[in-house]
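What follows is a set of notes on a single structure, which appears directly below.
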Amino acid sequence: MTGGGPREHVTERKKIFPGDFQWGVATSAFQLEGSPHADWTNWDAILSDKPGITDHYSLYKDDLALLKNLGVNSYRFSIEWSRVQPHENAWDHEAVAHYQEIIDILRSYGIEPMVTLHHFTNPLWFTTKYPWHVDGSVDKFTAYAERLVAELTGVKYWLTFNEPYVILLGGYLEGCTPPGLRDAGKALAALKNIFTCHGRAYDIIHRRDPDAQVSVAHNMSVFAPWKKWNPFDRLLKKTANFFYNHSIINAFQTGVFVVKFPFSRAVEIEVPIKDKLDFFGVNYYTRIHLRFNPFRKMGVELRHLDLDGHGLTNIGWEVHPRGLEKVLRYASRLNLPLIITENGIATHDAQRKTDYMKRHVDVVERCLRSGIDVRGYYYWTLIDNYEWLQGLDAQFGLYRVDFKTLKRIPTPAASYYSYLIASRSQL
Ligand code: FCB
């Protein structure tokens, strides 16, 4: 065994992961590359100190070689829209060729690409003129998706949007990410437009390739009342679960997004996404405790408690592996294959990183045994990178990055992941 991770006795147990299980790593373009024309570049001062972040845009060949060494058979990455369309009506052929080269290299390594069309960032011109709550946003995104999908070859797995709800929470309710609004009405308009774009992108991709596999990557969390005995905390838990985990599943099943607050009538919004899903991408990290606090925004206070005793992560999240089973079981009501499109831990402690990975992969194994149709697991992430509001110190990477020299340094979790893949897979 390499990597100093938890001991395993896999030779004695029946292997349960199918031979074609997708073992992968997930990244996003902006977090590795930055982009001079993205809305986030203006938003966060850290980025003016570290414009290239990890300089993956130049060092991509070296980074893709790391994937080959890891032994993954799939890689999730995103296209940075603001590189492809730095200005309205512009189209940067070199940027598209760059992403095509990544796909070709992956294929030459026998690694299946999974491409995300939109991972949080927008071109600055888009956010300035057509932010998501404005109707013109739909045509702009659709035109980008149409042309990009026509030009890229060799992609079967697509994610249209990464974490649509997180875009809305940050950009439209908290106001901590672009476009920085706090406006529930605009949030709902943005939600409708983003869902409409998903539906259209789904059709665009399928028109070109009927066998394509298309989804979103939805962030799922386990919610719990801060105090079990407190009926308000329990009600918050129920409401949060309804919105965060249930409403999107329901919208994909019925084409209706339901807004329902306690003690009020439900509002239904039609969204054109019914059945526009070939698998369901689940990003899972943590559990969140909720407390009713009338002095907080919307009466809610969020906390991470360390109830399982695994310690909180570098960015304060609880490690709660059992929650992965809960959310997968919940998502399985879609009757579609499930893929864990992100799961990972922010820590500089190698033992904790391998532990986290092992515990979550154990949960996936348990889910497979109990008949849940999980088809893939993507660890977040390959190398340390820019972690949005948390900056550069989160350290989710299998490889550490020295941000002065940009050197990639393997953590023991890298060799542990290789070991895990080799030992759990049926060959
Ligand atoms: C997810 C995001 C991803 C990364 C991880 C830690 O919510 O999709 O970009 O920030 O969290």
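Remarks
- Members of segment 209-245 that are over 23 Å from Arg329 (Cβ atoms) and without any contact (Cβ under 8 Å) to a residue 12 or more places away in the chain: Pro210, Trp229, Pro231
- Of the residues making up segment 123-162, those that are in a loop (DSSP other than H, G, I, E, B) and either more than 28 Å from Trp380 (Cα to Cα) or of a type outside the set (Gly, Ala, Ser) (or both) are Tyr130, Pro131, Trp132, His133, Val134, Asp135, Leu152, Thr153, Val155, Lys156.
- Among the residues of segment 309-354, those that are basic (Lys, Arg) and more than 15 Å from the ligand (Cβ to nearest atom) comprise Arg322, Lys326, Arg329, Arg333, Arg352.
- Within the option set His98, His119, being within 16 Å of the ligand (Cβ to nearest atom) and at negative phi holds for one residue only, His119.
- Complete set of residues in segment 250-268 that are open to solvent by 30 Å² or more (accessible area, probe 1.4 Å), at pLDDT 90 or above and closer than 14 Å to Ala184 by Cβ: Val267
- Residue, nearest to the ligand (Cβ to nearest atom), within segment 171-186, restricted to residues that are open to solvent by 10 Å² or more (accessible area, probe 1.4 Å) and part of a helix (DSSP H, G or I): Glu174
- Answer from Ile383, Ile409 - the residue that is farther than 19 Å from Glu318 by Cα and surrounded by fewer than 21 Cβ atoms within 10 Å (Cβ to Cβ): Ile409
- Against the numbered list (1) open to solvent by less than 40 Å² (accessible area, probe 1.4 Å); (2) within 23 Å of the chain's Cα centre (by Cα), Phe243 comes up short only at (1).
- Of all residues in segment 379-388, those satisfying the criterion of being at negative phi and either more than 11 Å from the ligand (Cβ to nearest atom) or in contact with a helix residue (DSSP H, G or I) (Cβ under 8 Å, 6 or more places away or on another chain) (or both) are Tyr379, Thr381, Leu382, Ile383, Asp384, Asn385, Tyr386, Glu387.
- Test: residue in segment 154-162 that is over 21 Å from the mean Cα position of the chain (by Cα) and of a type in the set (A, V, I, L, M, F, W, C): no
- Residue count, segment 246-283 (criterion: in a loop (DSSP other than H, G, I, E, B), without any contact (Cβ under 8 Å) to a residue 24 or more places away in the chain and not basic (Lys, Arg)): 6
- In a residue-by-residue description of segment 386-403, the property of being in contact with a Pro (Cβ under 9 Å, 6 or more places away or on another chain) and either open to solvent by 30 Å² or more (accessible area, probe 1.4 Å) or outside any loop (DSSP other than H, G, I, E, B) (or both) applies to at least one position.
- Residue that is nearest to the ligand (Cβ to nearest atom) [pool: residues in segment 145-162 that are buried (at least 22 other Cβ atoms within 10 Å of the Cβ) and not aliphatic (A, V, I, L, M)]: Asn162
- None of Arg291, Arg322, Arg329, Arg296 is open to solvent by 10 Å² or more (accessible area, probe 1.4 Å) and at pLDDT below 95 except Arg296.
- For Phe243, the stated conditions do not hold, so it cannot be described as aromatic (Phe, Trp, Tyr) and part of a loop (DSSP other than H, G, I, E, B).
The values are calculated or read from the model by the stated rules, or taken from the named source; none is laboratory data. It should be emphasised that the depicted structure is a prediction, and the values quoted were computed from it without experimental measurement. No Cβ is skipped: glycine too gets one built from the backbone with ideal geometry, and neighbour counts run over all protein chains shown. Just so you know, the surface numbers come from the protein's heavy atoms only, side chains and all, with ligands and any DNA or RNA stripped out. Shrake-Rupley method; radii C 1.70, N 1.55, O 1.52, S 1.80 Å.
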